[in-house]
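Peer 1: One structure, pasted below without further comment.
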Amino acid sequence: MNRFENNCCLFSNIEEYPVTVTHETLDAGATLPAEAIDAIERAATAAHPHEELLSARAANIKQSAVRDVFDISMQPGLVSLAGGNPYLQSLPLEKLGQTAARIIAEEGMTALQYGGGQGTEELRTQICAIMAAEGIHDALPENVVITAGSQSAQDVATKVFCNPGDVVLVENPTYVGALNTFEAYQVQVEPIDMDDDGLVPELLESRIAALQSEGKNIKFLYTIPNFNNPSGITLAEERRQRIVDICRTANIIVLEDNPYGLLRFDGHPITPMRAANPDDVIYLGSFSKIFAPGLRIGWALVPAHLQRRFYLASEAVTLCPPPLNQMLVSAYLRDYDWQGQIDTYRALYAERCQALLSALDKFMPAGLTWTRPDGGFFVWVTLPEGVDTYPLLGKAIDAGVVFIPGAAFSPADGPSNKLRLAFSAVPPDTIAEGVRRLAPVLAEAIEATNEGAPQ
């Protein structure tokens with residue numbers, strides 16, 4: 001069972017709905033949770049002859065719990081500590097609008113036409129300069145593939161390397177979008193636990209050995225080493241090469257996803273694992289966090305011996321990255337103070353992170369712990385064992401605040417006593433108010449668990 005379908009049994013009147021049911025007809029006036037809507041739709045359409053045409057892979061494509069909560073968080077009056085959105089209000093939006101208009105007016109025949117499947121040479125060259133600022137100094141434009149955000153790059157990598165039943169290793173917890181991608185390709189997702197210094201090399205090594213002894217075919221390790229989404233944890237520098245070495249010995253590719261690397265609060269990015277390991281690491285970057293997510297422009301720096309396979313697989317899906325979006329990103333990197341904008345982001349996110357940590361210190365009941373990130377967008381809160389944060393989401397919404405339950409970020413079914421709070425898009429005073437609203441909800445759950453009563 002989908003880990004977000006465990007409340008479907010609460011809705012016993014499914015047969016009362018019409019045979020023809022769509023998300024649109026349900027959403028028009030629906031107050032049901034998204035998982036209930038999905039269950040109703042499946043039940044109402046299961047007898048349709050097209051059902052037998054669906055692939056086995058289609059059953060693994062799941063609605064993102066994060067997307068569900070994003071939709072909820074748009075309701076007026078709610079404080080959303082759910083979405084990891086960059087603070088776009090700090091961008092020079094009027095000037096960017098003028099730049100976009102100029103590109104269309106002066107270069108519209110290129111901007112609005114099909115483009116090359118690998119991306120423009122100008123943008124790929126600029127991306128190499130960005131990676132140099134992070135510590136990767138040997139990147140070549142010919143080994144960069146422009147993708148539709150790093151989400152698309154995760155999809156391409158899974159398509160290129162994985163057959164159904166293969167194993168992908170991930171940090172526990174990890175990015176929900178990656179989990180959805182991996183599950184859609186029918187791979188076995190194996191979580192490796194982290195501590196306060198990130199992925200634990202000894203646990204990684206022992207899990208690889210155990211899986212290989214079972215005859216499993218492990219293809220890659222997916223890692224977000226800097227300010228992991230959702231935990232905010234950073235992989236310790238002294239562990240990074242050890243982890244690559246472990247994977248190299250086992251002939252496992254490392255897929256290093258680094259959308260937040262430049263957003264370290266102190267302004268000193270940690271050198272990526274790819275820097276010293278050009279043949280063993282596929283490096284994923286994105287403009288979603290350092291510029292604008294709506295442009296859907298990311299990239300993969302691929303080892304030279306894998307570049308053609310990766311590029312062809314990417315081209316087969318998107319045909320070409322949108323030239324207009326690429327040209328706007330290039331203009332931004334060429335004509336604007338993008339590094340100064342990143343400095344602005346760092347200071348802004350550092351202030352908001354501190355506001356969240358201070359509010360947690362002030363309002364949260366005893367028995368909770370949380371991470372203290374040095375960059376990125378997220379704080380990971382751990383409640384006492386026995387508390388399931390998923391049923392608490394509805395109570396939090398009633399209290400006027402939204403979070404993401406921890407179960408969204410694990411491939412395992414079952415409850416989680418963790419939750420993710422995002423600080424990036426919320427002013428400090430609003431962050432404090434959101435935590436103040438959330439605290440009694442969590443306190444009540446802890447009290448009920450301690451008393452052995454149902455939540």
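The values are calculated or read from the model by the stated rules, or taken from the named source; none is laboratory data. What you see is a predicted model, and the numbers here were worked out from it, not measured in a lab. Every residue, glycine among them, receives a Cβ derived from its backbone with ideal geometry; neighbour counts consider all protein chains shown. Heavy atoms of the whole protein, side chains included, go into the accessibility calculation; ligands, DNA and RNA do not. Shrake-Rupley method; radii C 1.70, N 1.55, O 1.52, S 1.80 Å.
Peer 1: Tell me, what is the 1.4 Å probe accessible area of LEU348, in Å² to the nearest 10?
Peer 2: 30
Peer 1: Which of the peptides 153-159, 174-180 is most tightly packed, and how do the rest follow, judged by the mean count of other Cβ atoms within 10 Å per residue?
Peer 2: Highest-to-lowest ranking by the protection proxy: 153-159, 174-180.
Peer 1: Please give the calculated 222 nm ellipticity per residue for the chain, where each DSSP H segment of at least 4 residues contributes -39500 (n - 2.57) and the sum is spread over every residue; nearest 500 deg cm²/dmol?
Peer 2: -13500 deg cm²/dmol
Peer 1: State to the nearest 20 debye the size of the charge dipole of the chain about its Cα centre, where the only charges are +1 on K and R beta carbons and -1 on D and E beta carbons.
Peer 2: The dipole of the chain has a size of about 660 debye.
Peer 1: What does the charge dipole of the range 345-455 about its Cα centre add up to, to the nearest 20 debye, if the Cβ of each Lys and Arg holds +1 and the Cβ of each Asp and Glu holds -1?
Peer 2: It comes to approximately 360 debye.
Peer 1: If we count every other residue with Cβ under 14 angstrom of LYS216's Cβ, Lys/Arg +1 and Asp/Glu -1, where does the sum land?
Peer 2: -1
Peer 1: With a 1.4 Å probe and all protein chains left in place, how much of the accessible area of the chain comes from carbon and sulfur atoms, in whole percent?
Peer 2: 52
Peer 1: In nm, to one decimal, how far is the modelled label at ARG57 from the one at HIS305, with both set 7 Å along Cα→Cβ?
Peer 2: 2.7
Peer 1: Around VAL200, which amide H atoms from residues at least 5 apart in sequence, or from another chain, sit under 5 Å from its own amide H, with H modelled in the peptide plane?
Peer 2: ASP195
Peer 1: What residue among TYR175, ALA105, CYS128 has its Cα farthest toward the positive end of the dipole of the range 79-186, where the charges are +1 on Lys, Arg and -1 on Asp, Glu, each on the Cβ?
Peer 2: Of the candidates, ALA105 comes out farthest on the positive side.
Peer 1: Right, another one. Roll a 1.4 Å probe over the protein heavy atoms and report the accessible area of HIS48 in Å², nearest 10.
Peer 2: Number for this one is 90 Å².
Peer 1: Shifting gears a bit: List the GluC sites (Glu not before Pro) within the range 302-390 that fall in a DSSP loop (any state other than H, G, I, E or B) and whose Cβ has at most 12 other Cβ atoms within 10 Å.
Peer 2: Hits after loop and neighbour filter: GLU385.
Peer 1: Would you kindly compute the Cα radius of gyration of the chain and its largest Cα-Cα separation (Dmax), both in Å?
Peer 2: Cα radius of gyration and Dmax of the chain are 22.4, 70 Å respectively.
Peer 1: Net charge near PRO321, counting Lys/Arg +1 and Asp/Glu -1 over other residues with Cβ under 10 Å of its Cβ?
Peer 2: Numbers: positive: ARG296; negative: GLU315.
It works out to a net charge of 0.
Peer 1: Continuing with the same structure: I want the local charge near THR382. Using Cβ-Cβ distances under 14 Å, sum +1 for each Lys or Arg and -1 for each Asp or Glu among the other residues.
Peer 2: -2
Peer 1: Looking at the range 203-286, which GluC sites (Glu not before Pro) are in a loop (DSSP not H, G, I, E or B) and have at most 16 other Cβ atoms within 10 Å?
Peer 2: Here the GluC sites (Glu not before Pro) that fit, given the DSSP loop and packing criteria, are GLU214.
Peer 1: With every protein chain left in place and a probe of 1.4 Å, what is the accessible surface of ASP374, to the nearest 10 Å²?
Peer 2: Taking all protein chains as shown, ASP374 has close to 60 Å².
Peer 1: Here's a follow-up. Rounded, prolate or oblate: pick one for the range 257-336, where a ≥ b ≥ c are the square roots of the eigenvalues of its C-alpha gyration tensor, a/c under 1.5 means rounded, and failing that, prolate if a/b is larger than b/c, else oblate.
Peer 2: Oblate.
Peer 1: For the range 412-453, just list the percent of Cα-Cα distances falling in each 5 Å bin from zero outward, please.
Peer 2: With a bin width of 5 Å, the distribution comes to 5, 17, 20, 20, 16, 12, 7, 2.
Peer 1: Would you mind checking the pairs LYS216/LYS289; LYS219/LYS395; LYS362/LYS418; LYS95/LYS395; LYS219/LYS289; LYS95/LYS289 and listing those with alpha carbons more than 31 angstrom apart?
Peer 2: Where the Cα-Cα span goes over 31 Å, the pairs concerned are LYS216/LYS289; LYS219/LYS395; LYS95/LYS395.
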